[in-house]
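Data first, discussion second: the structure below is written as structure tokens.
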Amino acid sequence: MNAGATRGPVTICAVTKGFGADVVALAHRLGCDAIGENYAQEVTAKIAAVGTDHPPVHFIGRLQSNKVRSLVGVVTVWQSVDRESIVDELAKRSPGAHVYIQVNATSEADKGGCEPEHASGLVERARRAGLIVDGLMTVGPTDGNPRRTRDAFAMVRRLADAVGVIGCSMGMSGDVEIALEEGSTMVRVGSALFGERPSATGSPEVI
Ligand SMILES: *Cc1c(COP(=O)(O)O)cnc(C)c1O
């Protein structure tokens, strides 16, 4: 393991997308630090059903400006901020919100995230707009190739260090160990905790 492994405690974001409110309650009883959700309508309905007693909600799916408003009050941390229009909308609708800037570390067209070279500019813009940048977020390569996965995570960790953020949200069920070795501070784990997602909307790559 590299020095990243000594960065401190790792937060577990239990990804409950595709599951019902019962799984959110389970994540709460298990003491998960956060729950991760990808879809605006799904999470809004689910949290309405659960009530106030649940872990903080991290939004990890593709963000659309016109959905931000409906998510304010439901979402505590916005992990998938990847462009200026989202930064601006969040600053307007949820001043001082906690965000991660999502980086597309593998240049895969179907993935969210800004290009790595735009990350520092987005971090700056978010800070100037009064948002609190907790870190960077990324999704490993879809093919799961271990070497490409490691390279992607190492690159995002270096980028986080370069822009001066501690948080690095990386690692899913299939690549959590590599992510931890490369300095992740938050893993987002769904199927490894709760089994296969029952709902088609929960496909991990639809982000
Ligand atoms: C679905 C999803 C996860 C969790 O995926 P698992 O393979 O079930 O652990 C993590 N991060 C993002 C962005 C996701 O969309």
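None of the figures in this text is laboratory data; all of them are computed from the coordinates on show. Values in this document were obtained by computation on a predicted structure and should not be read as measured data. Note: ideal-geometry Cβ built from the backbone for every residue, glycine included; neighbour counts use all protein chains shown.
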Rg(Cα)/(2.2 N^0.38 Å) for the stretch 1-84, N = residue count: 1.17
Intensity falloff of the chain expressed as log10 I(q)/I(0), Debye formula with alpha-carbon point scatterers, at q = 0.12 Å⁻¹: -0.55
Lys, Arg +1 and Asp, Glu -1 on Cβ, resulting dipole of the chain about Cα centre, debye, nearest 20: 420 debye
Per-peptide average of other Cβ atoms within 10 Å, ordering 108-120, 9-21 highest first: 9-21, 108-120
Expected 222 nm ellipticity per residue - DSSP helices of 4 or more, -39500 (n - 2.57), all of the chain, to 500: -10500 deg cm²/dmol
Amide H contacts under 5 Å for ASN104, placed H, 5+ residues apart: CYS114, GLU115
